[in-house]
1. Please calculate the 1.4 Å probe accessible area of Y126, with all protein chains present, and give it to the nearest 10 Å².
2. Using 1/(1 + (r/R0)^6) with R0 = 25 angstrom and r between the beta carbons of R84 and N135, what's the FRET efficiency to the nearest 0.05?
3. Rounded to a whole number, what % of the accessible area of the range 140-235 do carbon and sulfur atoms account for, probe 1.4 Å?
4. If a paramagnetic tag sat 7 Å from the Cα of E229 along the Cα-Cβ line, which residues of the range 150-171 would have the backbone N under 15 Å from that point?
5. Find the accessible area per residue for the range 138-215; the probe is 1.4 Å, ligands and nucleic acids are left out, and the unit is Å².
Amino acid sequence: MEAAAAAKGVCFLFRHPIPARSAAVSLPSFSYSHKHKHKHLVGLRSFRCSSTAPLSTTTYEFSDGSSEVDLRLNIGGFDVRSSRDLSVNADDTSLAIRVLRPGSPITLIETNRLFDRIKPAETIWYIDDDQLVVNFKKQDPDLKWPDIMESWESLAAGSTQLLKGASIYLVGDSTEINQKVAQELATGLGYTPLSTKELLESISNQTVDSWLLAEGSESVANAEGAVLESISSHVRTVVATLGGKHGAAGSADRWRHLYAGFTVWLSQTEAKGENFQSILGFFSWKKHLLLLLLQVFSGWGFGQGNDGEILSSSQRMGAKDEDSAKEETHKSVRDGSTAYTNADVVVKLQGWDAAYAKSVAQACLSALKQLILSDKKLPGKKSLYIRLGCRGDWPNIKPPGWDPSSEGEINLGTQ
């Protein structure tokens with residue numbers, strides 16, 4: 001189906017000020033499958049890299065040593081006689097390793113999406129028998145790296161240490177999208193998936209659609225608000241909320257229990273890209289909002305390869321497409337016509353196909369990772385908010401004993 005081949009785009013939008021970390025961001029332009037060699041330390045992986053140079057299929061081992069990480073690549077089949085036969089270039093979040101050959105070097109690995117930032121000046125590498133060993137110093141020694149590169153698998157494994165049990169709430173105009181992405185996130189994180197739609201239908205013994213026809217959206221929104229209150233103290237859950245303005249998330253005055261977890265707005269965009277195999281990351285500051293746009297997941301450029309390998313392509317998107325998507329995102333915030341702008345993170349989608357739910361889930365985890373790394377106190381702050389009774393005073397939590405009614409109105413977190 002041509003519809004399945006339509007490009008899917010995502011855009012991250014953060015409500016919290018985040019220091020600029022990198023001028024360009026993309027998903028890894030490589031494919032891999034892996035087999036764990038040791039229980040805790042090393043994974044043996046095979047991969048192929050996207051490059052105009054000749055490609056190589058090789059294997060690597062990875063280990064995390066607290067303040068540093070090691071990468072070992074098998075180079076026994078490349079007739080490497082000395083370090084002069086190799087090129088290793090590392091910079092912040094990117095890495096390129098090549099075997100030098102006259103006229104046409106062989107790319108062993110190339111990515112601009114390391115799991116986190118490194119200190120390029122302190123990178124060292126050497127040859128150990130038939131392996132190339134590369135040692136990186138982390139910018140953040142407290143962050144455990146599940147793998148050398150950011151991928152669905154590494155994000156799913158690494159996000160638990162960042163979330164610290166905090167739940168995730170998905171909001172947006174589509175109940176289906178919220179449910180499909182929530183299921184993928186819950187599976188990857190080992191969380192419990194919850195759907196307010198399913199909970200409401202189980203409680204009322206009727207469909208949400210029939211409920212809307214019989215009693216109207218106000219009744220449904222109130223009921224969903226009660227459900228959100230009942231599960232707000234739950235940890236390690238991914239909650240898919242009702243889509244559309246008939247749900248609780250469509251009203252700013254019903255967000256007090258949504259603030260109990262990290263909220264992700266899954267928003268469909270009309271911005272279009274001329275190149276369906278493009279991917280672009282950029283940062284734009286405005287009203288303390290960090291905007292990251294990725295034009296990704298085309299039917300040709302992102303899908304399943306041999307043996308379940310994840311394939312993606314990476315090309316720069318035109319400035320016209322970038323401006324279109326950026327302006328649309330700013331317009332959503334500027335209009336203030338939707339309560340969804342209260343969300344911690346926005347992931348914008350160009351089109352929708354359920355087959356790409358895991359890709360959208362990966363974008364959600366990548367965005368949440370950047371958000372939490374910018375302020376590691378956020379998960380603890382969410383926990384405190386719950387312990388104080390989800391009073392609606394997010395993000396400026398008031399002291400114990402504070403009564404929102406004493407100030408006339410609840411802080412809706414829209415400032």
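The values are calculated or read from the model by the stated rules, or taken from the named source; none is laboratory data. If you're wondering where the values come from, they're calculated on a predicted model, not measured in any experiment. Note that each Cβ is placed from the backbone with ideal geometry, even for glycine, and that neighbours are counted across all protein chains shown. Remember, those area values only see protein heavy atoms, side chains included, never the ligands or the DNA or RNA. Shrake-Rupley method; radii C 1.70, N 1.55, O 1.52, S 1.80 Å.
1. 110
2. 0.80
3. It is 49 percent, rounded to a whole number.
4. none
5. Each residue of the range 138-215 exposes 42 Å² on average to a 1.4 Å probe.
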